[in-house]
Amino acid sequence: MVSDKLELELRRGVVVLAVLSQLRTFQYGYELRQSLTGKGFPIEEGTLYPLLRRLESQGVLISEWRTSEGAPRRYYQASAAGLRLYEQLISSWRGLNEAMDRLLESD
């Protein structure tokens, strides 16, 4: 269905912003996924985990393995570059929201 594809494109455009919004402190993948879902932004594992690895390889995230609480888990947090990117994306998001609000007011 066309609307489903277009909605997916909209979500893809903000998924990095959504993830960075939750990674100012270390979280492991499942915890992050639950946090996003709980705040109205459900994300599939098949989308989240590759994204986390890609953002880490780009220097946007840092990670560490922790084994102190049972099974080993990889925890992620925004790097300094990731926090700068987060601030840039917030600014872009707010500007786009304002523009869209103006555009949609005429409807």
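Only a single item in (1) under 14 Å from the mean Cα position of the chain (by Cα); (2) exposed (fewer than 10 other Cβ atoms within 10 Å of the Cβ); (3) free of Cβ contacts under 8 Å to residues at least 12 places away in the same chain is not met by THR25, and it is number (3). Summed over region 31-45, residues that are touching a Gly at 6+ places or on another chain (Cβ under 9 Å) and surrounded by 15 or more Cβ atoms within 10 Å (Cβ to Cβ) total 0.
Scanning region 62-86 for residues that are acidic (Asp, Glu) and surrounded by 10 or more Cβ atoms within 10 Å (Cβ to Cβ) yields a count of 1.
Out of LEU52, LEU48, one residue alone is part of a helix (DSSP H, G or I), surrounded by 12 or more Cβ atoms within 10 Å (Cβ to Cβ), touching a strand residue (DSSP E or B) at 6+ places or on another chain (Cβ under 6 Å) and not acidic (Asp, Glu). It is LEU52.
Checking each residue in region 80-107 for being touching a Leu at 6+ places or on another chain (Cβ under 6 Å) and of a type in the set (A, V, I, L, M) picks out only LEU89.
Right, SER35: of a type in the set (Ser, Thr, Tyr) and in a helix (DSSP H, G or I) or not? Answer is yes for this residue.
Being surrounded by fewer than 14 Cβ atoms within 10 Å (Cβ to Cβ), within 11 Å of the chain's Cα centre (by Cα) and within 20 Å of GLU87 (Cα to Cα): is that true of GLY13 here? Yes: the conditions hold for GLY13.
When restricted to residues that are part of a loop (DSSP other than H, G, I, E, B) and at pLDDT 95 or above, region 55-75 contains 3.
The values are calculated or read from the model by the stated rules, or taken from the named source; none is laboratory data. No experiment lies behind these values; they were computed from the predicted model shown. In this analysis, Cβ positions are derived from the backbone assuming ideal geometry, glycine residues included, and neighbour counts consider all displayed protein chains.
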